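Student: Below is the structure I would like to discuss, written out as structure tokens.
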Amino acid sequence: MDPIENAARILAAANYAIALTGAGLSVESGIPSFRGPDGLWTKYGQPSNLSYRVFSRDPQDWWERRLHDEVTPGNPTYDLKEAVDNAAPNPGHVAMAELEQAGVLKAVITQNVDDLHGRAGGSNLLEIHGNRNYLRCIGCGWRRPRAEYAITDVPPVCRECGGVIKLDTVMFGEPIPAATLEACFAETQRCDAMLLVGTSGAVNPAAQLPLLARERGAQIIEVNPEPTQLTPYAHTVIAGAAGEVLPRIAEAIQSLHTTP
Ligand code: APR
């Protein structure tokens, strides 16, 4: 059977289908992925797993460098900020939001911090690596849109508890906020189908989620132009770009519902 048709049947028949997305979903919005030929880490090198420890040791220095890099071309912070600032949801994000609104997808776990799922209308969204538009206090978990908080002091200090404020985006070596991680595992435990879109499966704990789902008997569907570390665990593999494949899956589900 055509893999798109197969994916549509699985998702339409599932009681609780969820999705796990990665940077590949936003490539067609003009945001570079991290790994692979044009990846950000391929170009600049992957940040160290000590990134969070470096931040914690000297948040003032971290913030001074960050605010400088955001406005200085030639570094990954600048490149990613420019790309995300100029990005819009693509047909892949829109199709996933439609599948959520239709009740086909019950939750979307995304590793992306670009807010494009939310801007496309996604609602039950778990941003396992945070959201680049937010700030978060590492002391009490206080969290606000960055646009609503003027950074006057460096490092910014939480008015609630006096803790240090950082970007909401999870750094290498930083523990994922417990409530978010628990919710991701709960959705994984509950699902009977998981749609993987645009992730290499290179980073844990996110990459563990499809394996846990499969162990429980969930159907795993992968949408990716290239094979990944997760491909061997997928029951249905669709080799293609998210912006092209996801609308076709949504259409196929639609026709299943309308065909007598
Ligand atoms: N449609 C679907 N998938 C695509 C597309 C596309 N148009 N273009 C590329 N891809 C695939 C690539 O083949 C690759 O498998 O997207 C994947 C991107 O992989 P990564 O760059 O490793 O991104 P991701 O899996 O999201 O990385 C996980 O690593 O550095 C951290 O925090 C960062 O959240 C990120 C995490």
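Student: How much FRET efficiency would the formula 1/(1 + (r/R0)^6) give for A239 and A178, where r is the Cβ-Cβ distance and R0 is 30 Å, rounded to 0.05?
Tutor: 0.25
Student: Another question, then. Using alpha-carbon pairs under 8 Å, 6+ residues apart, how would you state the relative contact order of the chain in percent?
Tutor: 26
Student: Something else now. For region 71-145, what does the relative contact order come out to in percent, with C-alpha contacts under 8 Å and a separation of six or more? Working shown, then result.
Tutor: Numbers: 80 pairs, mean separation 17.3, N = 75.
Relative CO of region 71-145 lands at 23 percent.
Student: Go through the chain and flag any cysteine with no other cysteine's C-beta closer than 4.7 Å, please.
Tutor: C184, C191
Student: Can you pull the accessible area of D61 for me, 1.4 Å probe, Å² to the nearest 10?
Tutor: Its heavy atoms expose roughly 60 Å² to the probe.
Student: Still on this structure, I have one more. I want the local charge near A7. Using Cβ-Cβ distances under 13 Å, sum +1 for each Lys or Arg and -1 for each Asp or Glu among the other residues.
Tutor: Once all neighbours under 13 Å are counted, the net charge is -2.
Student: Using only the heavy atoms of the protein chains and a 1.4 Å probe, how would E251, E5 rank by accessible area, largest first? Display every interim value, and only then the final one.
Tutor: Details: E251 120, E5 55 Å².
Correct descending sequence by accessible area is E251, E5.
Student: Out of all DSSP beta bridges with both ends in the chain, state the antiparallel percent to the nearest 5. Mind dumping the intermediate values first?
Tutor: On the way: 7 of 28 bridges.
Among the beta bridges of the chain, antiparallel pairing accounts for roughly 25 percent.
Student: Quick one: dipole size for the chain, taken about the Cα centre, charges +1 on Lys/Arg Cβ and -1 on Asp/Glu Cβ, in debye to the nearest 20.
Tutor: Values: 21 positive and 30 negative charges, 109 e Å.
In debye, rounded to 20, the chain gives about 520.
Student: Given the C-alpha centroids of region 53-72 and region 192-222, what is the distance between them in whole angstrom?
Tutor: With region 53-72 and region 192-222 each reduced to a Cα centre, they are spaced 34 Å.
Student: Using the Karplus curve 6.51 cos²θ - 1.76 cosθ + 1.60 with θ = phi - 60°, what ³J(HN,Hα) values do you get for each residue of region 152-160, in whole Hz, with x for Gly and Pro?
Tutor: 9, 9, 10, x, x, 10, 5, 6, 7
Student: Is region 48-205 rounded, prolate or oblate when judged by the Cα gyration tensor, a ≥ b ≥ c being the square roots of its eigenvalues, rounded requiring a/c under 1.5 and prolate requiring a/b larger than b/c?
Tutor: In terms of gyration-tensor shape, prolate.
Student: Given a 10 angstrom Cα cut-off, can you work out which residue in R35, R57, R144 is the most mobile in a GNM of the chain?
Tutor: Checking each option, the largest mean-square fluctuation is seen for R57.
Student: Roughly speaking, to the nearest percent, how much of region 40-85's 1.4 Å accessible area is carbon and sulfur?
Tutor: With neighbouring chains kept in place, the figure for region 40-85 is 50 percent.
Student: Specify the residue with the greatest mean-square fluctuation among T169, T21, T152, computed from a Gaussian network of the chain linking alpha-carbon atoms under 10 Å apart.
Tutor: T152
Student: Let me ask something additional. Taking only protein heavy atoms and a 1.4 Å probe, what accessible area per residue, in Å², does the chain have with all protein chains in place?
Tutor: 47
The values are calculated or read from the model by the stated rules, or taken from the named source; none is laboratory data. The structure presented is a predicted model; accordingly, all values stated were derived computationally and were not measured. Neighbour counts run over all protein chains shown; Cβ positions are idealised from the backbone, glycine included. To get the accessible areas, we keep the full protein, side chains included, count just its heavy atoms, and leave off ligands, DNA and RNA. Shrake-Rupley method; radii C 1.70, N 1.55, O 1.52, S 1.80 Å.
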